[in-house]
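Okay, structure first, notes after.
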Amino acid sequence: MPAPGIAGTVSALFHLPFFMSQPATAITPRRDEDFPEWYQQVVRAADLAENSDVRGCMVIKPWGYGIWENMQRVLDGMFKATGHRNAYFPMFIPLSYLAKEAEHVEGFAKECAVVTHHRLEADGQGGLRPAPSAELTEPLVVRPTSETIIGATYAKWVQSYRDLPILINQWANVVRWEMRPRVFLRTAEFLWQEGHTAHETEQEAREETLQMLRVYETFAREYLAIPVYVGEKSEGERFPGAVQTLCIEAMVQDRKAIQAGTSHFLGQNFAKASGIEFVSRTNTREFAWTTSWGVSTRLIGTLIMAHGDDDGIQLPPRIAPAQVVILPVTPKPETRDAVLKAVEQLAAALRAQTFGGEPVRVEIDRRDIGGGTKNWEWIKKGVPLRVEIGPRDLEKGSVAVSRRDRGVKEKEFLTTDAFVSGVSGMLESIQAGLLARATALRDAHTVVLNTREEFYRFFTPSNPDRPEIHGGFALAHWNGSREVEEQVKADLKVTIRCIPMEDSPEPGRCIFTGDPSPRRVIFAKSY
RNA sequence: CGGGCUGUGGCUCAGCUUGGUAGAGCGCUUCGUUCGGGACGAAGAGGCCGCGGGUUCGAAUCCCGCCAGCCCGACCA
C-alpha cells in the first residue's frame with residue numbers, strides 16, 4: 001500500500017488544529033489496524049449497503065446498486081457479444097430436482113431455505129402461522145443455484161443436435177443459508193448472473209467454459225482494475241457436480257485470495273440427472289454437455305478490498321456510478337445563480353465527452369450542506385474526480401479538480417476547457433493507476449516456495465493472538481492429493497486457490513511429500 | 001450445532017455490584033456566527049431501558065423463563 005501523497009498530507013495537517021480533533025483518515029480503524037472492521041466501516045461510510053433486519057440479508061443502497069448496475073451492463077454486453085441471451089427461471093425448485101445429482105445435493109443441502117406452505121392463518125394470539133391445511137405436497141427449495149431446474153427445462157427443449165447449443169444467461173437472486181454472513185462477501189441472499197449452456201460435444205462445452213472464464217478475466221482487469229490468476233480448482237474446491245471448475249482468483253489488500261468468478265464444465269453429469277438427451281448427427285441418443293458460470297455481488301466486496309484506502313472506497317472509473325461529481329461552491333447568495341448555471345454548462349460539456357466509449361457520467365451535488373462535509377462524502381464514496389466551481393472560478397474560467405487517487409486536499413486548478421478536454425485522459429490515468437497498484441501489490445506478495453518449512457513460516461503470523469497482515473500467494477509443488485490439501489487447510493487455513501493454466505508448467509516435487517508434481521499451484525488464505 | 005458475550009433515544013455506549021420511575025457523545029430540527037469548507041454557539045425533538053413473569057411500597061438495576069443479536073469454532077460464491 002503506497003503512502004498517501006506527501007503534498008496532501010502536509011496540506012491536511014496544516015488545516016487541522018494542534019490536537020487533531022478529527023481523525024487523520026476518514027475510516028477508522030485503518031486497514032493495517034483491523035482489516036475486517038475497516039471493510040465494514042467502508043461499506044457504511046461509502047453508503048453502499050447495510051445489514052437488514054433479516055439476518056444475513058443486506059439492503060443494497062443506491063450507490064452500491066449503481067456499481068452493480070454497471071457491472072451488469074458491461075457483463076451483459078460481453079455475454080451478448082459471445083452469443084448468449086437472457087432468460088429467467090423460477091426461484092423455487094422442487095425438492096426432488098435438487099436430489100437428482102448426488103454431489104450437488106451433498107454440496108448444497110446444508111444451506112437451503114425450504115418453502116413448505118402456501119398460506120398463513122391467524123394463530124389465535126394476534127400473530128400468523130403457516131396454515132397446516134396449506135402444506136405443499138412437495139416442498140420447494142429457494143434456489144441456491146439453478147442447474148437442476150434449468151436442466152429439467154433444457155431436457156424439454158432439446159430433441160435433436162439441431163437444438164444445440166443452448167446459450168442462456170439469467171440475472172437473479174439466489175439464497176444460501178450461510179452461518180456467518182458478511183456484507184457483499186457472504187450473504188444469505190445475493191445477486192448474480194448464472195450462465196447455463198448445453199452443447200453437442202465435449203470439446204464445444206469445454207471451449208465455452210474457457211471462453212467465459214476469459215470474459216471474466218477481461219472484465220476484472222479492464223473494468224474493475226483487478227488482476228486475476230486464472231486456473232482450475234482442485235477436487236476439494238470444485239463446484240458440487242462439476243467435472244472441472246475454472247476460476248479467477250484475485251488478491252486483496254490483506255493478501256488473502258478471493259474467488260471472483262467461476263466457470264464450470266459439468267460434463268454430462270447434469271444432463272444425465274435431468275435427462276438432456278438428443279439425437280445426434282449419426283442418429284444415436286446422446287447426453288448433452290453442459291456448462292455453468294457466474295459472478296455475483298461479491299465482486300463489489302472484492303472491489304472494496306482491492307482498491308479501498310483509509311479514506312473509503314476508490315472506484316475504478318469504468319465501473320463508478322458517477323465518474324465526476326461537481327461541487328458548486330456558493331458562499332454568497334448573490335453569486336449562487338451564476339455558479340449553478342456554470343455548473344450546468346460544465347456538466348453538459350463533460351457529458352459530451354466520452355470515456356471508454358460511453359458518455360462521461362457526471363453528478364451534481366447541489367445539497368445545501370457544508371462544503372467540507374460534502375467533499376468528504378464523495379471521497380468516502382470513491383468517486384474518481386471531484387470538481388469545485390465557485391464565484392472566483394467563474395471570473396477566471398477555471399475549475400478546481402481533485403483526484404481520488406491523490407491526496408485529499410490536493411487540488412489542481414485548470415481552465416474549464418482544459419479540464420473538459422482532458423477529463424477522459426484523467427479517468428484513464430486513474431483507471432490505469434488502480435490496476436498498476438493492485439498488480440504491484442499482488443506481485444509483491446506472490447512468492448515461489450520450495451520447502452514445507454518456508455511454506456509454514458510464510459503463512460504463520462508473528463502474533464497469533466492478533467494476526468498482522470501476512471502471507472500472500474504461494475506458488476508451490478503439490479502431489480495432487482486431497483489429504484495434503486486438507487492437512488494444510490487444517491494447520492494453516494490455507495487452501496489451493498487454483499492450479500494455474502500455463503503454457504509450459506515447470507515440473508518438480510511436492511514440498512509436503514516429495515512426490516512428483518507436474519506444476520506449481522497457488523496456495524493462499526481466502527475469503 | 002458447541003463455547004463466550006450483549007440487549008438502554010437513529011448510531012456508539014454509560015448507569016445495574018450498593019433498587020427510588022433515565023444520561024453522554026455523535027446524528028437530527030430551528031436560530032445565530034462562520035464558511036473555497038468535514039467549523040462554532042444556543043435552543044429543541046426523540047426512550048413503556050429486548051419480551052414475559054416474580055420479589056418489593058417502589059425494578060433499567062435483584063430472581064426465573066423466553067426471544068434476539070454479536071464474537072470464536074465446523075460449512076461456504
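Overall form of the stretch A:24-90: prolate. Here a/c, set by the Cα gyration tensor axes a ≥ b ≥ c, is 1.5 or more, and a/b is the larger of a/b and b/c. Taking every protein chain into account, the accessible area of chain A amounts to 46 square angstrom per residue (probe 1.4 Å). The distance between label points at residue A:178 and residue A:506 comes to 3.6 nm (points 7 Å beyond Cα on the Cα→Cβ vector).
Identify the trypsin sites (Lys or Arg not before Pro) of the stretch A:111-162 meeting these criteria: DSSP loop state and at most 14 other C-beta atoms within 10 Å of the C-beta.
A:119
Shape of the stretch A:197-246 from the C-alpha gyration tensor: oblate (a/c of 1.5 or more and a/b not above b/c, with a ≥ b ≥ c the square roots of its eigenvalues). Here, P(r) means the percent of Cα pairs in each 10 Å bin from 0 to the largest distance; for the stretch A:288-398 it is 12, 36, 29, 13, 6, 2, 1, 0. Each residue was assigned an accessible area with a 1.4 Å probe, and for residue A:65 the value is about 80 Å². At full extension, residue A:171 and residue A:392 could sit 74.7 nm farther apart than now, given 0.36 nm per residue minus the alpha carbon distance.
Each residue was assigned an accessible area with a 1.4 Å probe, and for residue A:129 the value is about 100 Å². Applying the criteria of a DSSP loop state and at most 15 other Cβ atoms within 10 Å to the trypsin sites (Lys or Arg not before Pro) of the stretch A:274-331 yields A:281. Expressed as a whole percent, the accessible surface of chain A that belongs to carbon and sulfur atoms is 52, based on a 1.4 Å probe.
In straight-distance terms, cross-link reach from residue A:156 covers every one of the lysines whose alpha-carbon lies under 30 Å from its own, apart from those fewer than eight places away in the same chain; here that gives A:80, A:100, A:110, A:272.
Would you rank A:406, A:386 by solvent-accessible area, highest first, keeping every protein chain in place and using a 1.4 Å probe? Intermediate values should be presented prior to the final figure.
Details: A:406 110, A:386 5 Å².
Ranking A:406, A:386 by accessible area, largest first, yields A:406, A:386.
Simple rule: put +1 on each Lys or Arg Cβ and -1 on each Asp or Glu Cβ in the stretch A:239-385, find the dipole, and look at A:270, A:296, A:322; the Cα lying farthest toward the positive end is A:270.
Cβ-Cβ distance of residue A:439 and residue A:352, R₀ of 30 Å, FRET efficiency by 1/(1 + (r/R0)^6): the value works out to about 0.35.
Summing charges over neighbours of residue A:317, with a neighbour being any other residue whose Cβ is under 12 Å away from its Cβ, gives 0 when K and R count +1 and D and E count -1. Using C-alpha pairs below 8 Å separated by at least 6 residues, the relative contact order for chain A is 15 percent. For a straight C-alpha distance cut-off of 29 angstrom, the lysines reachable from residue A:374 (same-chain residues fewer than eight places away being disregarded) are A:61, A:332, A:341, A:396, A:409, A:411. Accessible surface ranking for A:148, A:28, 1.4 angstrom probe, highest first: A:28, A:148. A 1.4 Å probe, protein heavy atoms only, puts the accessible area of residue A:411 near 100 Å².
The stretch A:446-524 has equivalent-ellipsoid semi-axes of 22, 13, 11 Å, by the square roots of 5 times the alpha carbon gyration tensor eigenvalues, sorted largest first. In this label model, residue A:136 and residue A:52 are separated by 1.9 nm, measuring between points 7 Å along each Cα→Cβ vector. Let a ≥ b ≥ c be the square roots of the eigenvalues of the Cα gyration tensor of the stretch A:309-462; is it rounded (a/c under 1.5), or, if not, prolate (a/b larger than b/c) or oblate? Cα axes put the stretch A:309-462 in the prolate bin.
Spacing of the modelled spin labels on residue A:40 and residue A:156, each 7 Å from Cα toward Cβ, amounts to 4.6 nm. Each listed q (0.09, 0.10, 0.12 Å⁻¹) maps to a log10 I(q)/I(0) for chain A from the Debye sum over equal C-alpha point scatterers, namely -0.76, -0.91, -1.19. When A:192, A:38 are compared by accessible area of protein heavy atoms, the largest-first order is A:192, A:38, using a 1.4 Å probe.
The values are calculated or read from the model by the stated rules, or taken from the named source; none is laboratory data. Keep in mind it's a predicted model, so treat the numbers as computed, not measured. Note that each Cβ is placed from the backbone with ideal geometry, even for glycine, and that neighbours are counted across all protein chains shown. Side chains are part of the model used for accessible areas, which takes the heavy atoms of the whole protein and leaves out ligands, DNA and RNA. Shrake-Rupley method; radii C 1.70, N 1.55, O 1.52, S 1.80 Å.
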